[in-house]
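Trainee: Handing you this structure, nothing more for now.
The values are calculated or read from the model by the stated rules, or taken from the named source; none is laboratory data. Computed from a prediction, not measured in an experiment: that's the story for all the values here. Note that we place each Cβ from the backbone using ideal geometry, even for glycine, and neighbour counts take in every protein chain shown.
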Amino acid sequence: MDPTGLNLPPLLAAFVFGLLGGAHCIGMCGGIMGALSMAVPPSMRSPARMTGLLLGYNLGRISSYMIAGTLVASLGTLIGVAPGARVALQLLASVMMILMALYIADWWKGLTRVEAMGRYLWRYLEPIGRQLMPVVSLPKAVLMGSIWGWLPCGLVYSMLSWSLAVGEPLEGAMLMGAFGLGTLPALLATGFAARQLTLLMRHRATRWIAALTIIGFALWQLWQLFANGHHG
């Protein structure tokens with residue numbers, strides 16, 4: 001733990017997971033980016049305006065991730081009081097990482113069942129987002145992004161399980177913020193139509209390397225968990 005009270009290696013890992021999950025972000029959110037851009041009247045699609053809107057969307061989205069991380073980590077604080085609960089939460093986080101890796105690599109889509117858990121909330125938020133269309137100002141873009149951040153997503157839920165295991169509201173928020181920043185390159189590439197980068201991130205080899213990296217980290221976490229438990 002560093003002097004600020006934030007564990008930097010996990011923050012770095014969360015950022016890397018966001019980068020590695022870029023292929024999934026492009027597949028799931030690329031269409032949203034395209035729809036939002038096309039909704040802007042052609043006469044208002046100046047490069048400066050579109051860049052500002054794109055950054056506003058992502059600022060709102062990452063802010064929602066951090067709010068969710070704070071709430072979930074606060075819940076983890078309460079659950080962690082029970083005997084053995086902290087270990088169980090850490091085990092859940094590692095398992096969710098492995099499921100996330102399988103999802104990214106397209107080896108197993110079971111995580112889509114977890115996404116269904118968030119559809120109830122999204123049912124109420126989606127109409128609010130529609131009322132903001134077309135988004136032509138920065139405040140609207142930030143608000144739209146903050147709604148977009150609650151879109152049911154297995155990748156996000158996997159990271160939230162990590163925040164739950166952390167059990168510290170500030171660290172949970174920072175983990176989700178680091179993860180959100182990691183997803184930026186993929187979504188910015190989509191927004192700016194960077195075709196080569198988009199194709200690279202969606203390539204099967206890229207997704208497989210990302211998945212194996214995440215699985216390796218999750219197994220390392222599990223090894224540490226059980227090794228510490230054994231020594232305890």
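Trainee: Would you point out the residue of the stretch 141-150, among those that are in a helix (DSSP H, G or I) and not small (Gly, Ala, Ser), that is nearest to the chain's Cα centre (by Cα)?
Mentor: TRP148
Trainee: Would you tally the residues in the stretch 166-176 being of a type outside the set (Val, Ile, Thr), surrounded by 19 or more Cβ atoms within 10 Å (Cβ to Cβ) and part of a helix (DSSP H, G or I)? Let's see the steps before the verdict.
Mentor: Filtering the stretch 166-176 down to residues of a type outside the set (Val, Ile, Thr) leaves 167-176.
Imposing the further condition that a residue be surrounded by 19 or more Cβ atoms within 10 Å (Cβ to Cβ) reduces the set to 167-168, 171-176.
With the extra rule that they be part of a helix (DSSP H, G or I), the set shrinks to 171-176.
The number of residues fulfilling the criteria is 6.
Trainee: Here's another thing I want to ask about it. Hey, does the stretch 191-208 have a residue that's surrounded by 14 or more Cβ atoms within 10 Å (Cβ to Cβ), out of contact with any Ser or Thr (no Cβ under 8 Å at 6 or more places or on another chain), at pLDDT 85 or above and in a helix (DSSP H, G or I)?
Mentor: Yes, that holds for at least one residue.
Trainee: While we're on this one: Between a first residue in the stretch 120-132 that is surrounded by 10 or more Cβ atoms within 10 Å (Cβ to Cβ) and a second residue that is of a type in the set (A, V, I, L, M), which pairs have beta carbons less than 7 Å apart while being 6 or more apart in sequence or on different chains?
Mentor: From the stretch 120-132, the pairs are TRP122/LEU151; LEU125/ILE147; ILE128/ILE147; GLY129/MET144; GLY129/ILE147; LEU132/LEU143; LEU132/MET144.
Trainee: Go through (1) touching a Lys or Arg at 6+ places or on another chain (Cβ under 7 Å); (2) assigned to a loop (DSSP other than H, G, I, E, B); (3) not polar (S, T, N, Q) one by one and return the number of the condition TYR103 breaks.
Mentor: (2)
Trainee: Of all residues in the stretch 106-140, how many are outside any helix (DSSP H, G or I) and either under 17 Å from GLY60 (Cβ atoms) or of a type in the set (Val, Ile, Thr) (or both)? Steps first, answer last, please.
Mentor: First, the residues of the stretch 106-140 that are outside any helix (DSSP H, G or I): 106-110, 132-137.
Subset that is either under 17 Å from GLY60 (Cβ atoms) or of a type in the set (Val, Ile, Thr) (or both): 132-137.
Count: 6.
Trainee: To continue, here is another question. Within the stretch 75-86, does at least one residue satisfy the condition of being touching a helix residue (DSSP H, G or I) at 6+ places or on another chain (Cβ under 8 Å), at pLDDT 90 or above, closer than 21 Å to GLU168 by Cβ and among the hydroxyl-bearing types (Ser, Thr, Tyr)?
Mentor: Taking every residue of the stretch 75-86 in turn, at least one turns out to be touching a helix residue (DSSP H, G or I) at 6+ places or on another chain (Cβ under 8 Å), at pLDDT 90 or above, closer than 21 Å to GLU168 by Cβ and among the hydroxyl-bearing types (Ser, Thr, Tyr).
Trainee: Going through the stretch 129-158 one residue at a time, which ones are under 16 Å from SER64 (Cα atoms) and either modelled with pLDDT under 90 or in contact with a Cys (Cβ under 9 Å, 6 or more places away or on another chain) (or both)?
Mentor: Those that are under 16 Å from SER64 (Cα atoms) and either modelled with pLDDT under 90 or in contact with a Cys (Cβ under 9 Å, 6 or more places away or on another chain) (or both): GLY129, TRP148, LEU151, PRO152, CYS153, GLY154, LEU155, SER158.
Trainee: Still on this structure, please answer the following. Among the residues of the stretch 1-20, write down those that are surrounded by 12 or more Cβ atoms within 10 Å (Cβ to Cβ) and either in a loop (DSSP other than H, G, I, E, B) or at pLDDT below 75 (or both).
Mentor: Once the filter is applied, which keeps residues that are surrounded by 12 or more Cβ atoms within 10 Å (Cβ to Cβ) and either in a loop (DSSP other than H, G, I, E, B) or at pLDDT below 75 (or both), the stretch 1-20 yields LEU6, ASN7, LEU8.
Trainee: From the list ALA73, ALA68, ALA82, ALA48, which one is surrounded by fewer than 16 Cβ atoms within 10 Å (Cβ to Cβ) and assigned to a helix (DSSP H, G or I)?
Mentor: Details: ALA73 fails: surrounded by fewer than 16 Cβ atoms within 10 Å (Cβ to Cβ); ALA68 fails: surrounded by fewer than 16 Cβ atoms within 10 Å (Cβ to Cβ); ALA82 fails: assigned to a helix (DSSP H, G or I).
When all the criteria are applied, what remains is ALA48.
Trainee: More than 20 Å from the chain's Cα centre (by Cα), on the phi < 0 side of the Ramachandran plot, at pLDDT below 80 and assigned to a helix (DSSP H, G or I): which single residue out of ALA35, ALA23 fits that description?
Mentor: Working: ALA23 fails: more than 20 Å from the chain's Cα centre (by Cα).
Within the list ALA35, ALA23, the selection yields ALA35.
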